[in-house]
Structure formats: C-alpha cells, structure tokens
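Structure record follows, encoded as structure tokens.
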Amino acid sequence: MNSCLRAQGGATATCRARFPALWSILLTGLVLALAPGAQAAPASVPSPTPPESAAGAPFGVRAGLYGLTTLTGGHFGYALKAGARIEDSAVISNESDEARTFHVYGADVANAAGGGLAPAQEGQSMGAVGAWLKLDSEATVTVRPKSRATVRFSLAVPAGTPPGSYLGSLVTALRTPAVSGRVNTETRIARLVELTVPGTADLQVSLTELEHRPAGGGEEFTVTVRNTGNVLYTFAGTLHITGGSSPRTVPLTPTGIYVIPGGSATITGRLADLPALGRRTVTASVTATVPGGAAKTVDSNTVRLSSFPWLIAALTVGGLLALGLLLVITRKRRRAWLRRHAEERTALRALRRELRAGNPPADDDPHESRAGGAEHP
C-alpha cells in the first residue's frame, strides 16, 4: 500500500499508484550469513497483496497508513519537487513470543544480476533515496512480543535534483544469534520507496552490441539494455531472423523486468535448428514501456550468419583425394605389371623360336654349366 503524510516546505506530496506491478514486489527473506566467508542469499518474492509479515519471517512491516487510504500495494510512493521534504512512518510487527530488536535503515535499489530489483547492503555508499531517507529516531528498535512499534522517517529531495523516477527502500533487519556453533543469520524485509520528481519525462533506451556464440547446436545471442533516461520502465525483447524460407522470431529472456534510470539488464535468446547451408541475418528489437505511459522501440546492430557444412566438405574432399591417390597408385602398379608381362611374353616367344631351330638356350653362367657337366658326364 502506498502511504503519504504531511508535506513540508510548500511541497505537495501525492501518493502514487502509478506502478501497481512494482508495488507488488516484496523483497523479503534475505538471509545473510554473518560468519566469515558467508554470502547473502537473494530474497525477492512477488506478492500482489503482501501481508504484514513476510513469508517465513517472524515479523512484518507495513506502511503507516496501511488500510486507511484507497491506494493499493505494500510500499511507499511520493511525488516531490526538488528541495521538498515529507514525513511518513512504518509499523513493525513482532509475531514471536519474545522481544525482538530490529535494525532499520534506508537503502538505494539497483537492478539485480538475474533480473528484478534488490536493496543495497547496509554500509554501502548511498547516492539517491537511500541517502535522502532519514529516521527520526534511533536505527535500532526493540518490539515486545505480539506487539507493534512505529518508526517515523523523513524523505528530503536535494535542491537541483533532476526530474525523473528514483527508487529506494526502507529495510528492516532482524539478526538471529548463533546457536550451538552455527552462523549468525539476518532476515530482512525491504519496502520499496518510489519517488517521482516532477518534470519532463525522458524515456531513453540504448542497446549494446548484439553478441553471439555457439551453444547447444545453435547460436546464443546476448544484448544489454541500458536505461539512459530518467523514468523507470519495463521492457520486452525479440530476435528477428530473416533469410531462408520465411522470417522467424525468438523471444529474449528475461522479460517484463524493471530497469531503473542509470541501470541495465542483460537478455539472451537462442536460435536453434540452423540449416546446414545458407545465410541468416539476426537483429534484436527491444520495446521499453513506462507503466501507464509511453513506449519506445529500439533495434540493435545486425548479425549475419553464414552456414556451411565445413566438416562434410572436408571429409568429402579428403575422401576424393584419397580415392585419387589410390587410383594413381593402382594405375602405376598396373602399368608395371603390364610391362613385366609383355617382357615375359617376348622372352617366351624367343625361347620357342630357338627351340624350333634346334639351338639350346645360351647359358649365361659358365660356372653353373661346368658344375652341371660334372654332375652329368
């Protein structure tokens, strides 16, 4: 749900239900292993009507005016001019049977590596909403069993802030002490804070070079979408393949994710069943849409694919060369055999002529002749 209270400094605060899909994103259940070498586990479970307590969490967080307005969603939305300030609150519910101590802080929101949104880690440098959101009390709040506590905060937009959409989050963290040598864990619930600074909306989309590589018997294509404007948008991408019998389209994934101003997201698509012989041209097309607003389509560079059965061709050429070599060798051997055969036939005819004339064949070896004479006197 969206929440807004009083505006200060002459600024008007308007609760926005402009991004209903965005409000449904519940960043919860993020478990951080605090032992050395442990890493944070991602936790982002969409919920159209988030309950007070996140799934599996021993506590819940809701906006201060939850159920008191006609707006829907579980997060905070504001429209503030540059230099204005607004105050609001969040309610923390302790669902357990013992007192719990929570740590509350503001954080920037960035695009997650696999798509979607994720709050910055505590201690990171905050440059937007995470830096502009200030708690009115201590960051540590202790809540009695089965009780609730209200945490008040303010959001001040620096003077000179350019128009556009800005995302942050109000993070509530519960640290669980280690038991029997186990590691400490921390469960976080992050409620989105969406700020719109009025002005001219600038929907700008840029694409990196469309890249491809062989994968799984086909080609995998990758392109990165960058939000170079000042408004939050979602996008959908498609590969357009021309050449061959008919054009084809292949969806790029993931789709429907948000890209914040200054953020980026990488999408991929796989083209399978490429023909063994032929040419194809591939272009990526991405359509960015501001929820409830404008849309813009941009195209990437064109990649040309040439398919040729090199292996089959190499095997064929190799086979032809081997066959040719075999024919040459066989022909040479046959010629040698024919030549010897002709010589033998010539010698045989000469021998027959001598025998008919009564002349015995000449003995080429006199030693052999003498030996034969001694053997037969």
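Subtracting the Cα-Cα distance of Asp299 and Ala336 from 0.36 nm times their residue separation leaves 6.3 nm of extension gain.
For the pair Thr176 and Ser246, a Förster radius of 45 Å applied to the C-beta separation gives a FRET efficiency near 0.15, rounded to the nearest 0.05.
Extension gain for Thr140-Leu327 works out to 58.2 nm (0.36 nm per residue, less the C-alpha to C-alpha distance). Remark on Glu186: its backbone amide H falls under 5 Å from those of Leu32, Thr176, a criterion applied only to residues 5 or more positions apart or on other chains, H modelled at 1.01 Å from N.
Assign one of three labels to region 172-319, namely rounded, prolate or oblate, based on the Cα gyration tensor with a ≥ b ≥ c the square roots of its eigenvalues; rounded applies when a/c is under 1.5, prolate when it is not and a/b is larger than b/c, and oblate otherwise. Note, shape of region 172-319 comes out oblate.
In this simple spin-label approximation, Ala112 and Asp97 carry label points 7 Å from Cα along the Cα→Cβ vector, and these lie 3.3 nm apart. Considering region 114-225, its Cα convex hull presents a mean projected area of 13.5 nm².
Ligands, DNA and RNA excluded, the heavy atoms of Asp136 present near 80 Å² of accessible surface to a 1.4 Å solvent probe.
Ile267 exposes around 0 Å² of accessible area when a 1.4 Å probe is run over every protein chain in place. The modelled label-to-label distance between Thr200 and Thr222, using points 7 Å beyond Cα along the C-beta direction, is 3.7 nm.
The values are calculated or read from the model by the stated rules, or taken from the named source; none is laboratory data. Computed from a predicted model, the values in this text were never measured in an experiment. All Cβ positions, even for glycine, are placed from backbone atoms using ideal geometry, and neighbour counts span all protein chains on display. Surface accessibility is based on the protein's heavy atoms, side chains included, excluding ligands, DNA and RNA. Shrake-Rupley method; radii C 1.70, N 1.55, O 1.52, S 1.80 Å.
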